[in-house]
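Just below is one structure, and these are the notes that go with it.
The values are calculated or read from the model by the stated rules, or taken from the named source; none is laboratory data. Note that this is a predicted model, so its numbers are computed, not measured. Methodologically, a virtual Cβ is constructed for each residue, glycine included, from the backbone with ideal geometry; neighbour enumeration extends over all protein chains shown. Note: areas computed on protein heavy atoms with side chains; ligands, DNA, RNA excluded. Shrake-Rupley method; radii C 1.70, N 1.55, O 1.52, S 1.80 Å.
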There are 2 protein chains.
Amino acid sequence: MTGQDVILGILAVEPKSGYDIKKKFENLFSYFFDASYGTIYPTLGKLEKEGLITKENVVQQGKPNKHIYSITEQGRVKFQSYLESDIQENVLRSDFMVRLIFGELADPQMVAGWINNALQRSQAELLSLENDYERMGPNMSPTQELCIQIGIGNIRSQVQVLQDGIARLRTINNNMEAPSHE
Amino acid sequence: MTGQDVILGILAVEPKSGYDIKKKFENLFSYFFDASYGTIYPTLGKLEKEGLITKENVVQQGKPNKHIYSITEQGRVKFQSYLESDIQENVLRSDFMVRLIFGELADPQMVAGWINNALQRSQAELLSLENDYERMGPNMSPTQELCIQIGIGNIRSQVQVLQDGIARLRTINNNMEAPSHE
DNA sequence: CCTTGCATGTAAGAAGTTACATGATTGA
DNA sequence: TCAATCATGTAACTTCTTACATGCAAGG
């Protein structure tokens, strides 16, 4: 699975501009995929050259013009062949967890800061995802619901483990900062 | 955080060969970081050239020679500066979750296959991680324990959500394959 | 006036993977 | 005899990010 496959999939649902696609990544895909404009625009150009999508120039008043891309029959075939390919394993890259491995090499105050920071981020992301689910839930397909449930379950578990971990580390060693109240 | 930072960190704990470092990635880091030999060896060469590590040739009998790398004082300073840098956000790339988003564009039988497959993988990884924790737990630092607890919590949650999801989808639509018993 | 949103793109470079190339030893 | 383990490395390629470049309109 590359950016190409995902972009083609988005256009298989409905025609969109590069800007719209970026929006999709920020909303629907944020917790398990992302791509920047530096990927999106060159990919759209490439897909068009290959005949998998077509471009239409849409003039707007009061706003810049848009290039709306639509998938072709060839594009649909290509996307189906992605769906039939083997599933790639999940890849997680976590700076936070790498640092936990090296915890003994770092100042305990700093480690405490990392953990509190991670907890705060996780709590914020949990709220945000739960909010998305409430807003979009009724419009989601069953598998899209499953997807966001996985995301929410993951973060909820992470928040729990971090809270327990902070409490436990505090008893081992009085180095944890008090959690900040905002 | 790049491969460089992590490799330097591993050598900050104790001297190792490229081969040993790969082993570490497969054992300790598997669920949140990985690097191939194609990253490890060129990185070791670069770090040596920069004076952050030193190489020692170790002759072995019955086995190929090893290049054991040790961190220098300069290397330790560099690694500390990584630890003091801002934490990068977690990045997850999940082909499975991408496909769940496009579930409506795929054959329901195929979707059922994806989910059962993901469940089986998750269950296998859960067993493997729990096993690691049992084996290595007593030798782990408190923050390393926290790290593996996060990993286990994540997968456990994923298994739960997938199991519930399979049951729910089965009531919606009689397309789910019976789980295989191995 | 300043920021946000809308909107498209390029260029340089970082980072990493895959496949290739080599070769001895051990155990089944 | 065959596979796995030990062990190091290169080259070509893919993929993606960051920074740059541009510019209008609306709202506070």
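Within the stretch A:53-72, is there a residue that is assigned to a loop (DSSP other than H, G, I, E, B), open to solvent by less than 70 Å² (accessible area, probe 1.4 Å) and among the small types (Gly, Ala, Ser)?
No, because not a single residue in the stretch A:53-72 is assigned to a loop (DSSP other than H, G, I, E, B), open to solvent by less than 70 Å² (accessible area, probe 1.4 Å) and among the small types (Gly, Ala, Ser).
Name the pairs whose Cβ atoms lie under 8 Å apart, with the first residue in the stretch B:62-77 and more than 27 Å from A:ALA106 (Cα to Cα), the second more than 16 Å from DNA strand C (Cβ to nearest atom) and acidic (Asp, Glu), and 6 or more positions between them or separate chains?
Final answer for the pair search is B:HIS67/B:GLU56.
Among the residues of the stretch B:80-99 satisfying the criterion of being charged (D, E, K, R) and assigned to a loop (DSSP other than H, G, I, E, B), which is farthest from DNA strand D (Cβ to nearest atom)?
B:ASP86
So A:GLU104 clears everything in (1) under 23 Å from the mean Cα position of the chain (by Cα); (2) charged (D, E, K, R); (3) facing another protein chain (nearest Cβ under 7 Å) except one condition, right? Which one?
Condition not satisfied by A:GLU104: (1).
Going by what's in this entry, would B:ALA12 be described as within 30 Å of B:ASN154 (Cα to Cα), within 11 Å of chain A (Cβ to nearest Cβ), surrounded by 12 or more Cβ atoms within 10 Å (Cβ to Cβ) and touching a strand residue (DSSP E or B) at 6+ places or on another chain (Cβ under 9 Å)? Lay out the reasoning, then the answer.
Working: within 30 Å of B:ASN154 (Cα to Cα): yes; within 11 Å of chain A (Cβ to nearest Cβ): yes; surrounded by 12 or more Cβ atoms within 10 Å (Cβ to Cβ): yes; touching a strand residue (DSSP E or B) at 6+ places or on another chain (Cβ under 9 Å): yes.
Considered against the rule, which asks whether it is within 30 Å of B:ASN154 (Cα to Cα), within 11 Å of chain A (Cβ to nearest Cβ), surrounded by 12 or more Cβ atoms within 10 Å (Cβ to Cβ) and touching a strand residue (DSSP E or B) at 6+ places or on another chain (Cβ under 9 Å), B:ALA12 comes out as yes.
Residues are listed down the side, and each one gets a yes or a no for (1) of a type in the set (Val, Ile, Thr); (2) farther than 29 Å from B:LEU126 by Cα; (3) more than 13 Å from DNA strand D (Cβ to nearest atom); (4) at pLDDT below 95:
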{"site": "B:ASP5", "(1), (2), (3), (4)": "no, no, yes, no"}
{"site": "B:TYR19", "(1), (2), (3), (4)": "no, no, no, no"}
{"site": "B:ASP34", "(1), (2), (3), (4)": "no, no, yes, no"}
{"site": "B:ILE40", "(1), (2), (3), (4)": "yes, no, no, no"}
{"site": "B:LYS46", "(1), (2), (3), (4)": "no, yes, no, no"}
{"site": "B:LYS49", "(1), (2), (3), (4)": "no, yes, no, no"}
{"site": "B:GLN61", "(1), (2), (3), (4)": "no, yes, no, yes"}
{"site": "B:LYS78", "(1), (2), (3), (4)": "no, yes, yes, no"}
{"site": "B:GLY103", "(1), (2), (3), (4)": "no, no, yes, no"}
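Going by the structure shown, is A:GLY18 near DNA strand C (Cβ under 7 Å from one of its atoms), within 23 Å of B:ILE101 (Cα to Cα) and touching a residue at least 40 places away in the same chain (Cβ under 8 Å)?
When the stated conditions are applied, A:GLY18 passes them.
Residues that are exposed (fewer than 13 other Cβ atoms within 10 Å of the Cβ), more than 10 Å from chain A (Cβ to nearest Cβ) and on the phi < 0 side of the Ramachandran plot: does the stretch B:155-167 have at least one?
Applying the first criterion (exposed (fewer than 13 other Cβ atoms within 10 Å of the Cβ)) to the stretch B:155-167 yields B:167.
Next, from what is left, pick out any that are more than 10 Å from chain A (Cβ to nearest Cβ): B:167.
In the following step, the residues that additionally are on the phi < 0 side of the Ramachandran plot were identified as B:167.
Yes - at least one qualifying residue is present in the stretch B:155-167.
Of the residues that make up the stretch B:141-148, is at least one among the charged types (D, E, K, R), outside the structural domain of B:PHE33 (by TED's automatic domain parsing) and modelled with pLDDT of 95 or more?
yes
Quick check, is B:VAL6 open to solvent by less than 60 Å² (accessible area, probe 1.4 Å) and within 9 Å of DNA strand C (Cβ to nearest atom)?
So B:VAL6 passes the test.
Considering each of A:GLN109, A:GLN80, A:GLN123, A:GLN149 in turn, give the residue that is in contact (Cβ under 8 Å) with a residue 40 or more places away in the chain and either more than 7 Å from every other protein chain (Cβ to nearest Cβ) or under 27 Å from B:TRP114 (Cβ atoms) (or both).
Just one listed residue meets the conditions, A:GLN109.
Counting just the residues of the stretch A:23-44 that are more than 14 Å from chain B (Cβ to nearest Cβ) and open to solvent by less than 30 Å² (accessible area, probe 1.4 Å), which one comes out farthest from DNA strand C (Cβ to nearest atom)?
Ranking the qualifying residues of the stretch A:23-44, first place goes to A:THR43.
May I ask you to verify whether A:GLN80 is open to solvent by 70 Å² or more (accessible area, probe 1.4 Å) and outside the structural domain of A:GLY151 (by TED's automatic domain parsing)? Spell out the reasoning first.
Details: open to solvent by 70 Å² or more (accessible area, probe 1.4 Å): no; outside the structural domain of A:GLY151 (by TED's automatic domain parsing): yes.
Against the criterion (open to solvent by 70 Å² or more (accessible area, probe 1.4 Å) and outside the structural domain of A:GLY151 (by TED's automatic domain parsing)), A:GLN80 does not qualify.
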